[in-house]
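The values are calculated or read from the model by the stated rules, or taken from the named source; none is laboratory data. From a predicted model like this one, the values you see are computed outputs, not experimental measurements. When we count neighbours, we look across all protein chains shown, and the Cβ atoms used for this are built from the backbone with ideal geometry, even at glycine. Side chains included, ligands, DNA and RNA excluded: accessible areas come from the protein's heavy atoms. Shrake-Rupley method; radii C 1.70, N 1.55, O 1.52, S 1.80 Å.
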Amino acid sequence: TEDKAERSKALADARAAFQEAGRRLGEATALFDTWLAQFPAAAPEDARAGAKASSALTERQEVEAGAIEARFKLALVYYDIAQTYEDPDDETRAGFLKKAANRFDAIYQELRHTAGEACFFAHLWQARTLEELGDLQTALDIYEEVLASAPDTASGDSAKAPRYSQ
C-alpha cells in the first residue's frame, strides 16, 4: 500500500504475528530437545537388538526431523520479522537478520555431512540473510559453495536442478 500509516500498521501487525509464531516455535524446539534427550545417542543399528531397537531408532529419526524443521522455521521467522522493519538500517532489523543467519548456520554446520535438503536450504538462507545484512562477500562465497554441490544434469540427476537455479 502507498498509504504510510496503513503500511506501518500492516507491518506492525505482521511483526506481532511473526513474534507469536516465533514464541510458539521456540516452545516447540524446546519440546523437541526434551524428547531427544530421552533417546539414547544415535548409533548404528545392531541386528541382534531386534524390532524394539529398530522402532526406537525410527522414532528418534522422526523426532530429529521434527526438531530440525522447527529450528529451521524459527530461523525463517526471525528473517521474516526483520522484513517488517521499513528502515533497512534499523538496528533491530539487523539483530533479527543476524539471529536468523546464526540459526541457519547452526543447522548447516550440524547437517553439512548429510547432504540433505535441510542442510542445502539452511545454507542457502544463510547466504540470503547475509546478503541482506550487507555481507556480500560471505554471501557470495556461500552461494558458490551451494552451486558447487549442484547435481550433474548430464548424468541424469536433474530432479534437484530447479532448486539450484534459485
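Within segment 66-92, residues that are closer than 17 Å to residue 14 by Cα sit with their Cβ atoms under 7 Å from residues that are polar (S, T, N, Q) and not in a loop (DSSP other than H, G, I, E, B), at 6+ positions apart or across chains, in these pairs: 74/29; 79/129; 81/19; 85/92. As a summary of the residue check, residue 105 satisfies the conditions (1) in contact (Cβ under 8 Å) with a residue 12 or more places away in the chain; (2) open to solvent by less than 40 Å² (accessible area, probe 1.4 Å); (3) charged (D, E, K, R) except for the one numbered (2).
Determine whether segment 91-100 contains at least one residue that is at pLDDT below 95 and either open to solvent by 80 Å² or more (accessible area, probe 1.4 Å) or out of contact with any Cys (no Cβ under 8 Å at 6 or more places or on another chain) (or both).
No: segment 91-100 contains no residue that is at pLDDT below 95 and either open to solvent by 80 Å² or more (accessible area, probe 1.4 Å) or out of contact with any Cys (no Cβ under 8 Å at 6 or more places or on another chain) (or both).
Go through the residues of segment 12-33 one by one and say whether even a single one is modelled with pLDDT under 95, out of contact with any strand residue (DSSP E or B) (no Cβ under 6 Å at 6 or more places or on another chain) and either of a type in the set (Ser, Thr, Tyr) or open to solvent by 60 Å² or more (accessible area, probe 1.4 Å) (or both). The answer is yes; a qualifying residue exists. Within the option set 4, 9, being modelled with pLDDT of 95 or more, more than 22 Å from residue 116 (Cβ to Cβ) and among the charged types (D, E, K, R) holds for one residue only, 9. Taking the residues in segment 138-153 that are touching a helix residue (DSSP H, G or I) at 6+ places or on another chain (Cβ under 9 Å) and over 16 Å from residue 105 (Cα atoms) as candidates, determine which candidate is surrounded by the fewest Cβ atoms within 10 Å (Cβ to Cβ). Across segment 138-153, the extreme among qualifying residues is 147.
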